[in-house]
Amino acid sequence: MNITLIGTGNMGSAFAQQLSQFGHHVRITGRDLDKAHALAAQHQNVEAFAADQALGQNEVVIVATAYQDALSTQSCSFLPLTSTSLSTFTGVFPRKVSEITSPCCAPDWRS
């Protein structure tokens, strides 16, 4: 499967490793393109791309960024983010989007 991975931190790195080990082709991007290149060099089938090139023709997008970055359109400038949850994303392309961010420091939603 062809997968775009947004994020090069702990979760993004782990996903890149696991997806590569299972033979998936991964296009990875993040705030620091040098970090994305370094991560890609560690794994087979993983390539680093600038954010505006990362989608390609991939079927799946995994957003593995910090919670605040997932809310920001600047972190993923190529995605028209209009919701705090990317699981409801309905863009102009037929892709499955999964975001694995966690609002560990978000305001209490129960109040």
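The values are calculated or read from the model by the stated rules, or taken from the named source; none is laboratory data. In this text, all values refer to a predicted model and were calculated from it rather than measured experimentally. Here the Cβ positions follow ideal geometry from the backbone for every residue, glycine too, while neighbour counts run over all protein chains shown.
Below, the figures for the structure above:
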item: Scan of the stretch 1-20 for residues that are buried (at least 17 other Cβ atoms within 10 Å of the Cβ) and outside any loop (DSSP other than H, G, I, E, B), ordered by number; result: ILE3, THR4, LEU5, ILE6, MET11, GLY12, SER13, PHE15, ALA16, LEU19, SER20
item: Top-ranked residue in the stretch 32-53 [being in contact with a Gly (Cβ under 9 Å, 6 or more places away or on another chain) and part of a loop (DSSP other than H, G, I, E, B); ranked as farthest from ALA16 (Cα to Cα)]; result: PHE49
item: Verdict on ALA14 being under 18 Å from ILE100 (Cα atoms) and without any contact (Cβ under 8 Å) to a residue 12 or more places away in the chain; result: yes
item: Residue in the stretch 21-31 that is part of a strand (DSSP E or B) and surrounded by fewer than 18 Cβ atoms within 10 Å (Cβ to Cβ) present; result: yes
item: Some residue of the stretch 49-66 being crowded, with 17+ Cβ neighbours inside 10 Å, at pLDDT 95 or above and hydroxyl-bearing (Ser, Thr, Tyr); result: no
